[in-house]
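Peer 1: The structure's right below; bear with me while I get my questions together.
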Amino acid sequence: MFARMNEIDKMFGAMDLLRTKMDRIFNEVNRPYLHGPAFSMCTNSPRTNLMENGDSFEVRAELPGISKDDISIKIQGNYLEISGKRSITPPEGYKAHRNERAATTFSRSFTLPDEVDAEKVDATLKNGILYLTLPKSEATKPRQITIS
């Protein structure tokens, strides 16, 4: 009986060792300095949420350290593209000793479920978050039909 318990303890010990090593591997993968800027998802794409509230779509994209002049938003039908660049230059008279936030370009595109009225789109950049309100095109909104 004791020999079997000893074998079981060895097996669980080996499993714990494997779990510890796997946790270490996955924790290192999530470190931003191994995979580019902190806002990337293993590519130069900002983290983005896409929501719908009936009459419009709402997009929220994380763009830390990027000015509104460096962002481009293009809409055609139900295709949305957000692109831009981030440049990192120290102020005049300063010397950089460490750069963990790299200069980069990005592009993110979506095919929305419905077409959007590009003339009525509202875009705001606040605290590093890009807020887009994309009203649906009148042609795609459901209409109530009365029966005569």
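The values are calculated or read from the model by the stated rules, or taken from the named source; none is laboratory data. Please read all numbers here as calculations on a predicted model, not as lab measurements. Please note: Cβ atoms are built from the backbone with ideal geometry, for glycine as well, and neighbour counts cover all protein chains shown.
Peer 1: Of the residues in the stretch 95-135, how many are touching a strand residue (DSSP E or B) at 6+ places or on another chain (Cβ under 6 Å) and charged (D, E, K, R)?
Peer 2: Total meeting the criteria: 5.
Peer 1: Could I ask something else about it? Could you look through the stretch 64-97, keep only residues that are touching a Ser or Thr at 6+ places or on another chain (Cβ under 8 Å), polar (S, T, N, Q) and touching a residue at least 24 places away in the same chain (Cβ under 8 Å), and pick out the one that is farthest from Leu125 (Cα to Cα)?
Peer 2: The extreme case among them is Asn78.
Peer 1: Checking Glu100 against (1) in a strand (DSSP E or B); (2) touching a residue at least 60 places away in the same chain (Cβ under 8 Å), only one condition comes out false. Which one?
Peer 2: Unmet condition: (1).
Peer 1: Could you list, in sequence order, the residues of the stretch 103-120 that are free of Cβ contacts under 8 Å to residues at least 24 places away in the same chain, part of a loop (DSSP other than H, G, I, E, B) and under 30 Å from Asn53 (Cα atoms)? First the steps, then the outcome.
Peer 2: At the first step, the residues of the stretch 103-120 found to be free of Cβ contacts under 8 Å to residues at least 24 places away in the same chain are 103, 117, 119-120.
Adding the requirement that they be part of a loop (DSSP other than H, G, I, E, B) leaves 103, 117.
Within the stretch 103-120, just Asp117 meets the criteria.
Peer 1: For the stretch 100-118, name all the residues that are loosely packed, with under 10 Cβ neighbours inside 10 Å and out of contact with any Pro (no Cβ under 9 Å at 6 or more places or on another chain).
Peer 2: Selection gives Thr111 alone.
Peer 1: To continue, here is another question. Being among the acidic types (Asp, Glu) and at pLDDT 90 or above is the filter; apply it to the stretch 16-67 and report the residue that is nearest to Arg143 (Cα to Cα).
Peer 2: Glu52
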